[in-house]
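Quick note: the coordinates plus some simple rules give every number you see, no bench work behind them. Predicted, not measured: the structure shown is a model, and the values here were computed from it. Note that we place each Cβ from the backbone using ideal geometry, even for glycine, and neighbour counts take in every protein chain shown.
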Amino acid sequence: MLDVNPKKTDPQSPQAKLVQMAMAHWISRLIFTAAEMNLADHLAEGPRTAAELAQAMAADAPSLYRLLRTLASLALLTEDPGHRFSLTPLGEALRTGTAGSVRTSVLTIAGDLFKQALEQLPYSIKTGRSGFEKAFGVPLFEWLGNHPAERTMFNETMVGIHGAEPAAVAAAYDFSEFETITDVGGSTGNLLTTILGHYPKPRGILFDLPQVICDAPSLIASRGLTDRITIEGGSFLERVPTSSGELRPASWMSPGDKPATANSSRLASTAATSST
């Protein structure tokens, strides 16, 4: 079995360390395979052998056993003396539909969408142009607008990546003084709904590209905030909702530190109108 655990090879020579770094995409693909095959869901009810899992997953038992042992070396699984595998807390995060699940994030980040774009990295470095556009022919959000399934996965990935950030923002700042809070580049409204869930007084405006906010109504409804949030489509490069007053950037992703020409996958900003 290939040893892909860097902790077992320290201290490393520069050569060995570079080789280990070059193998990183192997680990990414292993975790992607576990997520795609719903391995964590098959282990949700308790330990199982490779043979038992292979039957349930329509897989080749010896090949699956090698995958399971490798995932165990990465601390996603444990193997007992009876060769039964169980989920660790790390592996639990690959389960479907559970609190804190990152399965969709793994499928997106380690999947073909990012892979094909990253394959154009030399082109981007040489030309200064978008590798994604070179690979797919159009900008990211335009492509997502024409691929609903991938758009939904991408939006869920953004929620997974930001994890506990929205709750931390809501707890760290007192939003109760504001009448209206506008989340610019707010995607599905994860940040905005978390803030409004903490503060019953303000109303919200969710502002993002029309093709990005398609999935927002369902998330907003699931949190019982449909009557407090207005959804508006548009580009922050062209305008922000005119009902907002002070613009308070939370995090900007802008090439060359030029917000006016920002091209980001997520611009988390809050425009708040005081109730006074």
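Structure data summary
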{"item": "Sites residue 138 and residue 83 - FRET efficiency at Förster radius 35 Å, r taken between beta-carbons, to 0.05", "result": "0.10"}
{"item": "Residue 237 versus residue 13: modelled label distance in nm, points set 7 Å from Cα along the beta carbon direction", "result": "4.9 nm"}
{"item": "Rounded FRET efficiency, nearest 0.05, which uses the C-beta distance separating residue 172 from residue 37 and R0 of 41 Å", "result": "0.55"}
{"item": "Under 5 Å, built H, 5+ apart or other chain: amide partners of residue 49", "result": "85"}
{"item": "Sparse-neighbour loop sites [GluC sites (Glu not before Pro); the range 83-183; at most 15 other C-beta within 10 Å; DSSP]", "result": "119, 177"}
{"item": "Residues whose placed amide H lies under 5 Å from that of residue 180, excluding near-sequence neighbours", "result": "203, 273"}
{"item": "Segment residue 52-residue 221, length gained on full extension (0.36 nm per residue, minus Cα span)", "result": "56.8 nm"}
{"item": "Global form of the range 1-149, assessed from the alpha-carbon gyration tensor, a/c cut-off 1.5", "result": "oblate"}
